[in-house]
Amino acid sequence: MSKILIAEDDAVSRKFLNQFMSQFGSCDLVIDGYEAVDAFLLGIQEGDPYDLICLDIMMPKLDGIQVLQTIRKLESETLEGGRSRIIMTTALGETEMVRTAFDNGCDAYASKPIDTEKFVEVLGSLGIKSMKGGKT
């Protein structure tokens, strides 16, 4: 079972992602960038890092790009080998923001509202499979 962190400040989006992503693993929810970094660090300290992080770009206190940069830096300092897969989510369709996210190490990008069929395909390409079996 995958361990998933959902970092999303919008309650409706957070609830949707939690319900949708629960078929892929155990989900932890946070509402801002600082909480995302804290949860990520706790996972590393407990020896159980996140397999997947769904990270909203526009969050209060610390935005998704800053969180992405922090996570990738922490991984390079603390983890040997593997790293979390990170999917950036946003209502913004700005190509510059997408480029910045990929330049900083995100693995995929999803625009809101989330197209669940495409999202399942992206998850599959990242090695995240549904626990329901059958079609992923």
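The values are calculated or read from the model by the stated rules, or taken from the named source; none is laboratory data. Quick caveat: nothing in here was measured; it's all calculated off a predicted structure. Cβ placement follows ideal geometry from the backbone for every residue including glycine, while neighbour counts extend to all protein chains displayed.
Restricting the search to the range 30-68, which residues are in contact with a Gly (Cβ under 6 Å, 6 or more places away or on another chain) and in contact (Cβ under 8 Å) with a residue 40 or more places away in the chain?
Hits for the range 30-68 are PRO49, TYR50, LEU55, ASP56, ILE57, MET59, VAL67.
What's the number of the only condition in (1) part of a loop (DSSP other than H, G, I, E, B); (2) closer than 16 Å to LEU5 by Cβ; (3) of a type in the set (D, E, K, R) that LYS129 fails to meet?
Going through the list (1) part of a loop (DSSP other than H, G, I, E, B); (2) closer than 16 Å to LEU5 by Cβ; (3) of a type in the set (D, E, K, R), LYS129 breaks only (2).
Test LEU92 against the stated conditions and say whether it is touching a Pro at 6+ places or on another chain (Cβ under 8 Å), at pLDDT below 90 and either crowded, with 17+ Cβ neighbours inside 10 Å or not small (Gly, Ala, Ser) (or both).
no
Tell me whether the range 19-33 contains one or more residues that are part of a helix (DSSP H, G or I), more than 16 Å from PHE119 (Cβ to Cβ) and more than 13 Å from the chain's Cα centre (by Cα).
Scanning the range 19-33 turns up no residue that is part of a helix (DSSP H, G or I), more than 16 Å from PHE119 (Cβ to Cβ) and more than 13 Å from the chain's Cα centre (by Cα).
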